[in-house]
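Engineer: Questions regarding the structure given below will be posed in turn.
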Amino acid sequence: MTNRVRTHISGDTPTETRLAPKHLTKQQFGKRLYNLMLAKGWTQSELARQSDLPRDSISVYVRGKSLPTPGSLSALAKALGVASTELLPNHVESAIDEDTPALELRVSTNAADVAWLRVNRLVSTKTALKIMEMLETDNAVDGTRSSGAPAV
């Protein structure tokens, strides 16, 4: 049998924290939270006690399934002894995302085969180009642009 060695590289060094990106994904936030929690020698249960948040919420954040609300972010930052902006640089942006759905579909009441689609989500460039290509193909079929104006 082959011996497999897994090396885990922490993405949060003091230098990287100072140069923190302006936008973190849910997974990046979860990794950052997990690393700060481990640096304190805490378990998820201890972080939940220290921040006065439900243990399940901590698990959801660490697994990268969700970003905290502004109130929860503040409680986590206070418990960990860091600034909210250091823990989640894009917390203002995430508050905006809560107001604007990541994906919204509205079917026209006049024509069931026509719908408005709104996507507010970070995707790879490759995926974005595929979506744009699909939209352009769809516009070519019906002869209209997304504004409803005829195609030129």
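Engineer: Check 110, 139, 120, 90 and return the single one that is modelled with pLDDT of 80 or more and either of a type outside the set (Val, Ile, Thr) or surrounded by 11 or more Cβ atoms within 10 Å (Cβ to Cβ) (or both).
Structural biologist: Numbers: 139 fails: modelled with pLDDT of 80 or more; 120 fails: modelled with pLDDT of 80 or more; 90 fails: modelled with pLDDT of 80 or more.
Testing whether each residue is modelled with pLDDT of 80 or more and either of a type outside the set (Val, Ile, Thr) or surrounded by 11 or more Cβ atoms within 10 Å (Cβ to Cβ) (or both) leaves just 110.
Engineer: Hand me the list of helices (runs of 4 or more DSSP H) wholly inside the stretch 1-82 holding 1 or more residues that are surrounded by fewer than 16 Cβ atoms within 10 Å (Cβ to Cβ) and modelled with pLDDT of 90 or more.
Structural biologist: Numbers: elements: 14-18, 26-39, 44-51, 55-62, 70-80.
Passing ranges, in order: 26-39, 44-51, 55-62, 70-80.
Engineer: Same structure again: Return the pair list, or none, for Cβ contacts closer than 8 Å from residues in the stretch 108-130 that are assigned to a loop (DSSP other than H, G, I, E, B) to residues that are exposed (fewer than 10 other Cβ atoms within 10 Å of the Cβ) and modelled with pLDDT under 85, at least 6 apart or on different chains.
Structural biologist: That search, which allows pairs on different chains as well, returns 120/100; 120/103; 121/103.
The values are calculated or read from the model by the stated rules, or taken from the named source; none is laboratory data. Fair warning: this is a prediction, and the values are worked out from it, not measured in the lab. Ideal geometry is used to build each Cβ from the backbone, glycine not excepted, and the neighbour counts take in all protein chains shown.
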